[in-house]
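Notes for the one structure printed next.
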Amino acid sequence: MERTFSGVLIHAMARSGYTNQRLGREINRDPSAVSRWRNGTTRPNGDVAEQLDGILGCHGALVRAWHRDTTGADRDHWKQRVPWYEANSHTIEMASPHLIQGTLQSRAYARFMLREALYWGTDAEMDKEVARRCSHQGWLAENGNPWVVGVFPLAALTCLPLRVRRDQAARLLSLIDTERVTVHLVNDQTPIGLPAMLNVYHLRDGSTAAASEHNGGMFVHEQAASVARLADMFKRVLASALPKVETRSVLQEIAT
């Protein structure tokens, strides 16, 4: 049996007696969508893949095939999945309760934060990590070029040494000027109701995923209820932030 998603799906449907029409009714999808999944033209999102796996009694085989096709690996791991979501998003919304997100960091800021975190590597390894963080926005521009919306507290800037503060503010202004990045500051008198960094991915196929920061990195959430809750959390943080025009004005003042 083929190990691709389409191959596993075809085998599972034949074994269980499901037609495109019957399976489409089970998951509230048009039979033509099932047909496209079977011939490998498209794949469903992660939630639907899990739903199909249960309906067809695949015991995880269909989900593993979906992850192999989408990430290139069997293991369902954030390091493999986050880049896929980034490259397949039309918009990425990022909120942080304390720091400026790595995608938006300047070199001076990235280096300063690594030093404050007692980075374990050599100077050469630190240079490599700084370069990786600060080139990520360029990677996004070459891989789908999604809109990026960043929300973080003003204190993430004002707590910095003057040189680093100015460098970071200038970096944010240059990103805003690309017209693919929007930044919103939350003033210091407004609490941010987030326990950790949060990303919401609005995918081109119309679905949504989210990732939140854990000890091991960004953990991807695909279950509809979790994604909806995290998307609402982002909306609440954004609603408490300064408008983009006021944010630009604050950044210009800091940069000079």
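The values are calculated or read from the model by the stated rules, or taken from the named source; none is laboratory data. Source: prediction; values computed, not measured. Don't worry about glycine lacking a Cβ; one is built from the backbone with ideal geometry, like all the others, and counts go over all protein chains shown. For the accessible areas, the whole protein counts, side chains as well, though only heavy atoms, and no ligand, DNA or RNA atoms are used. Shrake-Rupley method; radii C 1.70, N 1.55, O 1.52, S 1.80 Å.
Between Ser240, Ser32, Ser89, the Gaussian network model of the chain with springs among Cα atoms under 10 angstrom shows the greatest mean-square fluctuation at Ser32.
Length gained on full extension, Ser249 to Thr91: 54.5 nm, using 0.36 nm per residue less the C-alpha separation.
For Glu142, the solvent-accessible surface with a 1.4 Å probe is about 150 Å², rounded to the nearest 10. Taking the DSSP bridge list for the chain and keeping only pairs wholly inside it, about 60 percent are antiparallel. Each residue was assigned an accessible area with a 1.4 Å probe, and for Glu129 the value is about 40 Å².
Compute the relative contact order of the chain as a whole-number percentage, counting only Cα pairs closer than 8 Å that sit 6 or more residues apart in sequence.
Relative contact order of the chain: 19 percent.
With R₀ set to 41 Å, the beta-carbon distance separating Thr256 from Glu26 gives a calculated FRET efficiency near 0.10.
Full extension of the segment from Ser16 to Asp188, taken as 0.36 nm per residue of separation minus the current Cα-Cα distance, would add 56.1 nm.
Using only helices, what value at 222 nm comes out for the chain when you add -39,500 (n - 2.57) per DSSP H run of length 4 or more and divide by the total residues, to the nearest 500 deg cm²/dmol?
Result for the chain, helices only: -16000 deg cm²/dmol.
What FRET efficiency comes out for the pair Glu179/Arg38, r = Cβ-Cβ distance, R0 = 45 Å, nearest 0.05? The computed FRET efficiency comes out at 0.65.
Want the number for Arg163 to Ala228: 0.36 nm per residue separation, take away the alpha-carbon distance, what's left?
Roughly 19.4 nm would be gained on extension.
Reducing the range 133-198 and the range 1-75 to their Cα centroids gives an inter-centroid distance of 38 Å.
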